[in-house]
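See structure below.
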Amino acid sequence: LPVLLQEWRVIHLTGDAKEYEDFARLERYKNSLPEHIARNYVVEKFVSPEQMGALMKQAKIVLGRSGINTVSLALFLGKPSLFIPLPIGQKGEQLANARAAEKVGIAKVLLQKDASSEVVIAMLDEMIKNYQKYSDKGEQAHSLIDGNAAKNIVKEIEYVVKKKTS
């Protein structure tokens, strides 16, 4: 984090897990930083879906977990991403999500067990050096996501309800 903050603006979403107290710990950390570095660091528990879309749209590269919402939004926006899937989960779905984005060519996947600070920085540096390669895949990635999915689901539900009541 200290290395990233030298050159990058980091928006860190911690969640609200009481057992780890990440938000409180990272807020304290931010408050200990020199002003010129602290301004590059935003710590939030959560953001709204609208805020997440705006943040990811502005981001040059997304570094994060690989839940379906995060990966879908990165694909929809055509955003180069470095995903570190949660190693625990129902059935490895975060790894599968991340691998799907990697297959398109817009993302890299780093397993948590291999995610040292040095490796993360090296991978981000590599992605920046080859940024065009990743961003060129953005249109292909965007085409994988149906922007009308919510409307289509509602239509399907209405169709089924109408059919049952007819």
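The values are calculated or read from the model by the stated rules, or taken from the named source; none is laboratory data. Being a predicted model, the structure only gives us computed values, none of them experimental. Virtual Cβ from ideal backbone geometry, glycine too; neighbours counted across all protein chains shown. Quick note on the areas: whole protein, heavy atoms, side chains included, nothing else; ligands and nucleic acids left out. Shrake-Rupley method; radii C 1.70, N 1.55, O 1.52, S 1.80 Å.
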### Task
Please work out which residue is nearest to A74 (Cα to Cα), limiting yourself to segment 1-58 and to residues that are of a type in the set (S, T, N, Q) and touching a helix residue (DSSP H, G or I) at 6+ places or on another chain (Cβ under 9 Å).
T14
## Note on the structure
Of the listed residues (I68, I61, I11), the one being within 22 Å of S143 (Cβ to Cβ) and either of a type in the set (F, W, Y) or surrounded by 13 or more Cβ atoms within 10 Å (Cβ to Cβ) (or both) is I61
### Task
Take the residues in segment 80-138 that are under 14 Å from S66 (Cβ atoms) and among the β-branched types (V, I, T), then tell me which one is surrounded by the most Cβ atoms within 10 Å (Cβ to Cβ).
I106
### Task
Might you check whether a residue that is of a type in the set (G, A, S), at pLDDT 95 or above and open to solvent by 30 Å² or more (accessible area, probe 1.4 Å) occurs anywhere in segment 18-36?
yes
### Query
Scanning for something polar (S, T, N, Q), out of contact with any Phe, Trp or Tyr (no Cβ under 6 Å at 6 or more places or on another chain) and assigned to a helix (DSSP H, G or I), does segment 79-86 turn up at least one residue?
no
